[in-house]
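**Student:** The structure is given below, and queries will be raised subsequently.
The values are calculated or read from the model by the stated rules, or taken from the named source; none is laboratory data. Since the structure is predicted, the reported quantities are computational estimates derived from the model, not experimental observations. Ideal geometry is used to build each Cβ from the backbone, glycine not excepted, and the neighbour counts take in all protein chains shown. Quick note on the areas: whole protein, heavy atoms, side chains included, nothing else; ligands and nucleic acids left out. Shrake-Rupley method; radii C 1.70, N 1.55, O 1.52, S 1.80 Å.
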Amino acid sequence: MLKIFSLLAIAALLFSGCMQNSTEKADGFTNKDIVLPSDRLSPEALWQLGRIGDVSVSDDQKFVLYTVAYTDIKANKSFKDIYLLDLGTKESKQITNSKLNENSVKFKPGQEKITFLSSESGSSQIWEMNLQGTGKNQLTDIDGDISDYLFSPDGKQLMYTMEVKVDKDIHDRYPDLPEANAKIEDDIMYRHWDTWEDGLYSHIFIAEVGEGLIKKENIELLEGKSYDSPLKPFGGIEQITWTPDSKSLAYSCKKMVGKAYAESTNSDIYLYNIADQTTKNLTSHNKGYDLNPLFSPDGKYMAWESMERDGYEADKNRLMVLELETGKIRDYSLNFDQDASSLTWTSDSKNIYFISNYHGNNEIYSVNISNAEISRITNGIHNFYAVYPLSDKLIATKGSMNHPTEIYEVETQSGKYEELSFINKDILAQLKMGKVESRWITTTDNKQMQTWVIYPPNFDPNKKYPTLLYCQGGPQSTISQFWSLRWNFQLMAANDYIIVAPNRRGLPGFGQEWNEQISGDYGGQNMKDYFSAIDALAKEPFVDEDKLGAIGASYGGFSIYWLAGHHNKRFKALVSHCGLFNLEQMYATTEEMFFVNWDMKGAYWEKNNKIAQRTYANSPHRFIGNWDTPILVIHGAKDFRVPYGQGMGAFNSAIMKGVPARFLFFPEESHWVLSPQNGVLWHREFFRFLDSYLK
């Protein structure tokens, strides 16, 4: 523990010497005036880039609200403020400047007011202010912390969510033992992603909006129930919505507990009628995920995202529409072999815009409700993330491997786009980025596999470069044009590595058959795809085939452990972050059982289950006898999806086998590394290890 604290202190001191002109005030923090010491991206510079958060468009379509978070590495925190973009002048102005981290910013219905969450009064409450940032006024005084909220379209009611205690803990049962510290469990799942179950659940409340402060004397939709809405761990306000007439509220919920909850993905969308306080399940016919309801402006339809099969979290994400008057449901993805997400209606209720990944890029699409015709709006090397329709254009957020997310204006006919926010313009102008190239590589079964190749800045084809094979996690998560604070390909390229990132079998964006092949085939064709990619690039004259490395996290970490026992001396260094090492132990200790049940096709004790037994036979720990390559193992103590014993098992085994190994352990991190100083430390150790074996 002392070593970790020392490294963090050193990181802070080193950072202070290599960055200049960061602006810190008593009431705010920004990195707008930063001067970089080099034109190469560094871990410190990466964390200095501003990050777009909430985005909201005004009803009159004149303004866009958004938040920007800037990171103070010395303080080990990020600070978020509110900005207002005038769509007429295309100029932005900062309207808050504090360390209170205002979030969930929205325009108040029917008024020229901004609403937001702030902890200025001591807990997270809803506040409002004028567009200029003046006239700040507290709207709620609820006992507890409000996590998010939505005003009804008519502005007369407020929906908010907050954590409420439902289940008893040991101190409720034994009040005479106040210092006791224990968990008593009778069922799974007692922990989820990175937190232990504590008896608290996210519940929805509805309140009348009056003149004074809103107190906690309101309708609680899930009162006394051990259910969450939004769903944990990743659900947000997109899972709850008002009907246009403000008379009802639709919300997503998985109304199960214990083992049933752990084994199922069967969430549903419920419609709560405020007048008679009745609840109706609108999606009881479907057994998989039903999420993110959105009503058409005319109130005739409800669109939502749906997966068909129970227990399959990576099933095709379909665009469904319910005609409320008739109850007729239509699947608009029926002949569309791609996922659909981030839905939004046009103002005339005739079309829906959505985001879909195609061949490694997130593009904007639209579907006509009448004839089900799907049109592609954009085409490029980029990721669009969210769309907000204007009368004749779109506001959207977009990023890429060489550009962090910004706000853009998109023409609906041509698909052309123009950047509007420019929050990182000055920093990016100081940096050189490497070329990003898309290649198609033939696999061992004669398929074509799209592969990203990222080159160092100032790439010289006459030189030979150390090269990294990037193994994606998920396992079903596309290698798209993402910009990451950890797996940042431009940062790797800035350290003079070539990166090879194949969209191997089991990744979406290439049709459902390609995506589904991986389930029940861990250690199978997708591993051959990795070899196809790195072997093809190793033939290039600018790739040093004697200095190849492989890196990855989660299922990508599993891939590293598996490759360690099968790569036949291709690689000279390996890095696994939060990887699966012992599949039997993984099955027995993870939390969401539907994940392992589906992907491993059963439990390890099912000896007559041939597919499951093939999965466990391919567990990386069974091939430790073949390990001979230096490996860096990284894990977080709060990772409950892939418990940290997996990392310990891999590291300990490597050391006992006599393989050079290093263990980087984060006591306060989970499946990700979220702390700024831990993030900088992660990259320093990542490159220190790789450089020692590949340079």
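**Student:** What residue, among those in the range 589-618 that are in a loop (DSSP other than H, G, I, E, B) and in contact (Cβ under 8 Å) with a residue 60 or more places away in the chain, is farthest from the chain's Cα centre (by Cα)?
**Tutor:** Taking the candidates together, the pick is Asn618.
**Student:** To continue, here is another question. Could you please tell me which pairs satisfy a Cβ distance under 6 Å, a separation of 6+ or placement on different chains, a first residue in the range 439-453 that is closer than 13 Å to Phe531 by Cα, and a second residue that is modelled with pLDDT of 95 or more and assigned to a loop (DSSP other than H, G, I, E, B)?
**Tutor:** Cβ pairs passing all conditions: Met449/Thr443.
**Student:** Moving on to the next point. Filtering the range 325-345 down to residues that are touching a Phe, Trp or Tyr at 6+ places or on another chain (Cβ under 8 Å) and among the hydroxyl-bearing types (Ser, Thr, Tyr), which residue is least open to solvent (accessible area, probe 1.4 Å)?
**Tutor:** This residue is Thr344.
**Student:** Sticking with this one: Please enumerate the residues belonging to the range 539-582 that are open to solvent by 10 Å² or more (accessible area, probe 1.4 Å) and touching an Asp or Glu at 6+ places or on another chain (Cβ under 6 Å).
**Tutor:** The answer is none; no residue qualifies.
**Student:** Check Tyr465 against each of (1) open to solvent by 60 Å² or more (accessible area, probe 1.4 Å); (2) of a type in the set (Ser, Thr, Tyr); (3) over 27 Å from the mean Cα position of the chain (by Cα) and name the one condition it does not meet.
**Tutor:** With respect to (1) open to solvent by 60 Å² or more (accessible area, probe 1.4 Å); (2) of a type in the set (Ser, Thr, Tyr); (3) over 27 Å from the mean Cα position of the chain (by Cα), Tyr465 is out only on (1).
**Student:** Could I ask something else about it? So, in the range 346-384, of the ones that are hydrophobic (A, V, I, L, M, F, W, C) and assigned to a strand (DSSP E or B), which residue ends up surrounded by the most Cβ atoms within 10 Å (Cβ to Cβ)? Quick ask: steps written out before the conclusion?
**Tutor:** Taking the range 346-384 as the starting set, the residues that turn out to be hydrophobic (A, V, I, L, M, F, W, C) are 352, 354-355, 364, 367, 369, 372, 374, 377, 381, 384.
Now restrict to residues that are assigned to a strand (DSSP E or B): 352, 354-355, 364, 367, 374, 384.
Working: Ile352: 25, Phe354: 24, Ile355: 22, Ile364: 24, Val367: 22, Ile374: 19, Phe384: 28.
Checked the range 346-384; the qualifying residue surrounded by the most Cβ atoms within 10 Å (Cβ to Cβ) is Phe384.
**Student:** Which one of these does Leu100 not meet: (1) more than 28 Å from Ser347 (Cα to Cα); (2) open to solvent by less than 50 Å² (accessible area, probe 1.4 Å); (3) in a loop (DSSP other than H, G, I, E, B)?
**Tutor:** Unmet for Leu100, out of (1) more than 28 Å from Ser347 (Cα to Cα); (2) open to solvent by less than 50 Å² (accessible area, probe 1.4 Å); (3) in a loop (DSSP other than H, G, I, E, B): (2).
**Student:** With the structure loaded, tell me whether Ser438 is under 27 Å from Pro461 (Cα atoms) and of a type in the set (Gly, Ala, Ser) or whether it fails that test.
**Tutor:** On the way: under 27 Å from Pro461 (Cα atoms): yes; of a type in the set (Gly, Ala, Ser): yes.
Yes: the conditions hold for Ser438.
**Student:** Also: Across the range 70-97, which residue is farthest from Glu418 (Cα to Cα) among those that are in a strand (DSSP E or B) and among the basic types (Lys, Arg)?
**Tutor:** This residue is Lys77.
**Student:** Restricting attention to the range 409-430, report how many residues are open to solvent by 20 Å² or more (accessible area, probe 1.4 Å), under 19 Å from Thr71 (Cβ atoms) and either part of a loop (DSSP other than H, G, I, E, B) or of a type in the set (S, T, N, Q) (or both).
**Tutor:** 3
**Student:** Could you identify the single residue in Asn371, Asn383, Asn379, Asn402 that is polar (S, T, N, Q) and in contact with a helix residue (DSSP H, G or I) (Cβ under 9 Å, 6 or more places away or on another chain)?
**Tutor:** Asn402
**Student:** I'd like to know if the range 26-48 contains one or more residues that are modelled with pLDDT under 95, farther than 25 Å from Ile237 by Cα, in a strand (DSSP E or B) and open to solvent by 20 Å² or more (accessible area, probe 1.4 Å).
**Tutor:** Looking through the range 26-48, at least one residue is modelled with pLDDT under 95, farther than 25 Å from Ile237 by Cα, in a strand (DSSP E or B) and open to solvent by 20 Å² or more (accessible area, probe 1.4 Å).
**Student:** May I pose another question? If you check Leu681 against the conditions, is it in contact with a strand residue (DSSP E or B) (Cβ under 7 Å, 6 or more places away or on another chain), under 14 Å from His577 (Cβ atoms), open to solvent by less than 20 Å² (accessible area, probe 1.4 Å) and touching a residue at least 24 places away in the same chain (Cβ under 8 Å)?
**Tutor:** Judged against the criteria, Leu681 is not a match.
**Student:** Now, a different point. Can you pull out every residue in the range 293-319 that is assigned to a strand (DSSP E or B) and surrounded by 21 or more Cβ atoms within 10 Å (Cβ to Cβ)?
**Tutor:** Pro293, Phe295, Met302, Ala303, Trp304, Glu305, Ser306, Arg318, Leu319 - these are the residues of the range 293-319 that are assigned to a strand (DSSP E or B) and surrounded by 21 or more Cβ atoms within 10 Å (Cβ to Cβ).
**Student:** Taking the criterion of being buried (at least 20 other Cβ atoms within 10 Å of the Cβ), in a strand (DSSP E or B) and at pLDDT 95 or above, would at least one residue in the range 501-522 satisfy it?
**Tutor:** Looking through the range 501-522, at least one residue is buried (at least 20 other Cβ atoms within 10 Å of the Cβ), in a strand (DSSP E or B) and at pLDDT 95 or above.
**Student:** Taking the stated definitions as given, is Leu322 touching a strand residue (DSSP E or B) at 6+ places or on another chain (Cβ under 8 Å), open to solvent by 20 Å² or more (accessible area, probe 1.4 Å), closer than 22 Å to Tyr289 by Cβ and not in a loop (DSSP other than H, G, I, E, B)?
**Tutor:** no
**Student:** I've got another one for you. Look through Phe531, Phe459, Phe489 and report the one residue that is in contact (Cβ under 8 Å) with a residue 12 or more places away in the chain and under 23 Å from the mean Cα position of the chain (by Cα).
**Tutor:** Result of the check over Phe531, Phe459, Phe489: Phe489.
**Student:** Also, quick follow-up: Go through the range 125-141 and report how many residues are over 21 Å from Thr241 (Cβ atoms) and either crowded, with 18+ Cβ neighbours inside 10 Å or within 25 Å of the chain's Cα centre (by Cα) (or both).
**Tutor:** The qualifying residues number 4.
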